[in-house]
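As structure tokens, the structure follows; a few thoughts come after it.
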Amino acid sequence: MRLQAGETKTSWNFVGRTDEEIREARQDWTTGDRFGEVKDYGGGRLAAPEMPATQLKARGRVR
């Protein structure tokens, strides 16, 4: 996914334009659907933290 300049939202290591994009990224991380694995890493996949009950606040600048 390539983001355009402007407002973005972040949660943990996920970046998106909307809360829905962040929630989808978290789900994909949890299920292993979109993100690859790190080769030669001896540990397991890190669990993404739960999403907050409130909407995420936008970060960055608006053009």
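Descriptive notes on the structure:
- Every pair of residues 6+ apart whose Cβ atoms lie under 8 Å, when the first sits in the stretch 15-27 and is of a type in the set (Phe, Trp, Tyr) while the second is part of a loop (DSSP other than H, G, I, E, B): none
- Among the residues of the stretch 25-56, just one is surrounded by 15 or more Cβ atoms within 10 Å (Cβ to Cβ) and in contact with a Gly (Cβ under 8 Å, 6 or more places away or on another chain), namely Ala25.
- Of all residue pairs spaced 6 or more apart or on separate chains, those with beta-carbon atoms under 9 Å, a first member in the stretch 37-52 that is under 25 Å from Thr18 (Cβ atoms) and a second member that is among the acidic types (Asp, Glu) are Arg45/Glu37; Met51/Asp19.
Values quoted throughout were computed directly from the atomic coordinates according to the rules given, and no laboratory measurement underlies them. This one's a predicted model, so the numbers in the text were calculated from it and none came from an experiment. Cβ coordinates were reconstructed from backbone atoms using ideal geometry, including for glycine residues, and neighbour counts include every protein chain displayed.
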